[in-house]
Amino acid sequence: MNVIVVGTGIAGLTAALRADEAGHDVMIVTKGLLGGGCTPLAQGGIAGVYGEGDSPASHAEDTIIAGAGLSDPAAVEVLVREGGARIAELVARGVVFDRGPDGRLLLGREAAHSHARVVHAGGDATGAAVSDALVAAVRASAIQVREHAFLLDLIVLDGAVRGIRLLEGTAAVDLSADAVILATGGAGRLYAHTTNPEGATGDGIAAALRAGADVADLEFVQFHPTVLAEGPGFLISEAVRGEGATLLDDDDRRFAFDAHPDGELAPRDVVSRAIARRTAAQGGPVRLDATALGASTLARRFPTIDRVTRERGFDWARQPIPVTPAAHYLMGGIVTDLDGRTTLPGLFAVGEAARSGVHGANRLASNSLLEGAVFGARAAVALGVASGADPALGLPPRQRKRPLRRDESPRPARDFSRAALQMLMWDEVGLLRTDDGLTRALDLIQSWRTDLPAPRSVAQHEDANLLLLAEAAASAALARTESVGAHFREPALIGV
Ligand code: SIN
């Protein structure tokens, strides 16, 4: 088969390598460079190695609890049962995970995990180690790589995906394929504050929506609790809290315990909201205190964070550092079955672009690289038997969409810009949501969409994709009237 994989994170590279090894003709397409995207930025690690007293069943339970009960148990079962083999495969491909003096893998603990089960590489450089190994394997293979090629749309013929349309320079180029695997990541750039790189504009999810694939759960956006509050969004890994760092307010009080008995290691959505509320109440950022870990431990265990915080003028071994939540991960995406098949024949989706059913309403820390490896491999195996996702799987309904309200809504007070959209999403479709705020946001997004000129450049196409996903996310958030997981609704008058 001719297979096109769009995206170069762990999910896409795993799918491409496995498809190549199975004898398919594979091409990887990316709008950036091979080795770009979110994966190289991942700090925490990969959950899935079970020490004494731990088990796949316990990992599954933690995943489902973090997902607020909305995970698909069958998908979670696949994740925890197949994770160990995929981690072993990464080792075989050359990823050097950190080990203790006895040669055993060092296992980190992160929030909402009941055991230490997270393997890491280079201390806090796990994603970079994974990306380097997979990129090297791709370069050594027969896989073709097409860089600086922007996905404009999927080509659909007779109800099946038959290829992709790219923008290369100023030219539109059509490529045919027997199967297309979207591994284009999430859409963190919907928000003013995010840990995601600039390219995280949801291009694959938007293309799938336009092609008619089912998309779901876009209201579930995970906000990471601890991003350095000064400078561009730099993640301070959850593993730092896992090692014992604490969150302090202006009175040096560990306020996270007000929100949850697990304090700093409560699920991410709980900690993020506690920080947002405390930040608003005290009129400035809360602080993460890692001083008790000591300078040498911090430098050894978290070399990347140690370097970047120092570059930004903070000595975190001596003083707590200011932190804020930021958009981090999209739980929703293109609906797939357990093999990455979407509802469109010929189209697969893996990794953050997919809604595989693993994460429910809130992803458990360090389950994302794992999901990419597990479901990327499964999609490659399923290529030969591609068909539309089986309706018997009980897939969620197509994302509910409100019709455009052109005539009802006043013209927008603000002109569209990406920054204006990101601020609107942060304010109204962010950590704390109200009916009024969501309605206002949706009206503005819809009028921006209506007025947007036909896109020509890559940046304009990205804007159009962001607006499409913003509309879908705000509609989904408005339609889900209860608070669950990362989606938190509160009465309009209460505020933060
Ligand atoms: C982190 O290191 O805190 C991020 C890990 C993750 O998002 O799973």
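Numerical summary
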{"item": "Some residue of the range 91-101 being modelled with pLDDT of 95 or more, open to solvent by 60 Å² or more (accessible area, probe 1.4 Å) and over 23 Å from Ile10 (Cα atoms)", "result": "yes"}
{"item": "Subset of the range 1-33 that is among the charged types (D, E, K, R) and over 18 Å from Gly351 (Cα atoms) - its residue that is surrounded by the fewest Cβ atoms within 10 Å (Cβ to Cβ)", "result": "Glu21"}
{"item": "Subset of the range 424-451 (residues that are in a loop (DSSP other than H, G, I, E, B) and touching a helix residue (DSSP H, G or I) at 6+ places or on another chain (Cβ under 6 Å))", "result": "Val429, Leu431"}
{"item": "Any hit, the range 76-89, residues being modelled with pLDDT of 95 or more, among the small types (Gly, Ala, Ser) and within 29 Å of Gln460 (Cβ to Cβ)", "result": "no"}
{"item": "Entirely in the range 209-290, the strands (runs of 3 or more DSSP E) that have 1 or more residues that are away from the ligand (no atom under 15 Å from the Cβ) and over 26 Å from Glu352 (Cβ atoms)", "result": "246-248, 286-289"}
{"item": "Filter result for Gly36 (touching a residue at least 60 places away in the same chain (Cβ under 8 Å) and either within 16 Å of the ligand (Cβ to nearest atom) or open to solvent by 20 Å² or more (accessible area, probe 1.4 Å) (or both))", "result": "yes"}
{"item": "Test: residue in the range 193-204 that is within 16 Å of the ligand (Cβ to nearest atom), open to solvent by 20 Å² or more (accessible area, probe 1.4 Å) and assigned to a strand (DSSP E or B)", "result": "no"}
{"item": "Residues (of a type in the set (Ser, Thr, Tyr) and within 21 Å of the chain's Cα centre (by Cα)) located in the range 82-132", "result": "Thr126, Ser131"}
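Let's see how each residue does on (1) of a type in the set (A, V, I, L, M, F, W, C); (2) out of contact with any helix residue (DSSP H, G or I) (no Cβ under 8 Å at 6 or more places or on another chain); (3) buried (at least 17 other Cβ atoms within 10 Å of the Cβ):
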position	(1), (2), (3)
Thr279	no, yes, yes
Gly283	no, yes, no
Leu298	yes, no, yes
Trp316	yes, no, yes
His328	no, no, yes
Ile334	yes, no, yes
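The values are calculated or read from the model by the stated rules, or taken from the named source; none is laboratory data. These numbers come from a predicted model, not from an experiment. Ideal geometry is used to build each Cβ from the backbone, glycine not excepted, and the neighbour counts take in all protein chains shown. The area values use the complete protein model at the heavy-atom level, side chains included, leaving out ligands, DNA and RNA. Shrake-Rupley method; radii C 1.70, N 1.55, O 1.52, S 1.80 Å.
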